[in-house]
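Peer 1: Below is a structure I'd like to ask you about.
The values are calculated or read from the model by the stated rules, or taken from the named source; none is laboratory data. Since this is a predicted model, take the numbers as computed values, not measurements. Cβ placement follows ideal geometry from the backbone for every residue including glycine, while neighbour counts extend to all protein chains displayed.
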Amino acid sequence: MPKLAGTDGRKMSKSYGNAIYLKDSPEEIRKKIMPMKTDTKRQRRTDPGEPADCPVFTLHQAFVPQEKRDEIVEGCRTAGIGCRDCKAVVLEYLLKALAPIQERRAGFEKNPGLIWDILEEGNGRARAAARATMAIVREALGF
Ligand code: SF4
């Protein structure tokens, strides 16, 4: 997984205010992606660019399938694709990837008790594992 750039091209960080959150709605994510900085060589739609110099492309690397990504690289380097279209592609795949996570999150939001149930079950399993380990240790030490 490559390091994701924030929406301003710097390291993605809450303190920079440039992060995309798992809880962001599709519209919020769209508003963050569409104005993102791109390769500065692409001043005009007809200027070729270099995906390696573009923060948007780090999102492509994380979310867009290789075949589609190859098209983007070619389109960027030949100015065959505009940055707007390129961002629309990454947005589509990013939203697709986040949808099941957000759906799950919404389920927990509606029923927070579920989280406590999961924690309780995890605690139970951890206690059982600790008891079993301690039994082995006691036996080994002859207690
Ligand atoms: S086409 Fe895509 S990869 Fe190339 S500079 Fe624009 S946003 Fe970045």
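Peer 1: Take the residues in segment 1-39 that are surrounded by fewer than 11 Cβ atoms within 10 Å (Cβ to Cβ) and of a type in the set (D, E, K, R); name whichever of them is farthest from the ligand (Cβ to nearest atom).
Peer 2: If we take residues in segment 1-39 being surrounded by fewer than 11 Cβ atoms within 10 Å (Cβ to Cβ) and of a type in the set (D, E, K, R), then Lys14 is farthest from the ligand (Cβ to nearest atom).
Peer 1: List every residue pair whose Cβ atoms lie under 7 Å apart, where the two residues are 6 or more positions apart in sequence or sit on different chains, the first residue falls within segment 76-94 and is touching a residue at least 60 places away in the same chain (Cβ under 8 Å), and the second residue, located anywhere, is more than 8 Å from the ligand (Cβ to nearest atom) and aromatic (Phe, Trp, Tyr).
Peer 2: So the pair list comes out as Leu94/Phe63.
Peer 1: Turning to a different aspect of this structure: Could you go through segment 79-98 and let me know if any residue there is loosely packed, with under 10 Cβ neighbours inside 10 Å and either in a helix (DSSP H, G or I) or more than 22 Å from the chain's Cα centre (by Cα) (or both).
Peer 2: no
Peer 1: Which residues, counting only those in segment 40-61, are of a type in the set (Lys, Arg) and either more than 9 Å from the ligand (Cβ to nearest atom) or not assigned by TED's automatic domain parsing to the domain that holds Glu92 (or both)?
Peer 2: To start, the set of residues in segment 40-61 that are of a type in the set (Lys, Arg) comprises 41-42, 44-45.
The answer is Arg44, Arg45.
Peer 1: While we're here: Tell me which residues, restricted to segment 62-76, are near the ligand (Cβ under 10 Å from one of its atoms) and either of a type in the set (Val, Ile, Thr) or more than 22 Å from Arg10 (Cβ to Cβ) (or both).
Peer 2: Passing the criteria: Arg69, Ile72, Val73, Gly75.
Peer 1: If a residue must be farther than 30 Å from Glu67 by Cα and surrounded by fewer than 10 Cβ atoms within 10 Å (Cβ to Cβ), how many such residues does segment 99-110 contain? Lay out the reasoning, then the answer.
Peer 2: Step one: filter segment 99-110 for residues farther than 30 Å from Glu67 by Cα, giving 105-110.
Retained after the next criterion (residues that are surrounded by fewer than 10 Cβ atoms within 10 Å (Cβ to Cβ)): 110.
The total comes to 1.
Peer 1: Could you grab me the full set of residues in segment 112-143 that are among the basic types (Lys, Arg) and more than 37 Å from the chain's Cα centre (by Cα)? Please lay out each step first, then the result.
Peer 2: Step one: list which residues in segment 112-143 are among the basic types (Lys, Arg), which gives 125, 127, 131, 138.
Scanning segment 112-143 gives Arg131, Arg138.
Peer 1: Regarding Ile118, is this residue in the same structural domain as Val64 (by TED's automatic domain parsing), surrounded by 10 or more Cβ atoms within 10 Å (Cβ to Cβ), of a type in the set (Val, Ile, Thr) and more than 18 Å from Pro26 (Cα to Cα)?
Peer 2: The answer is no for Ile118.
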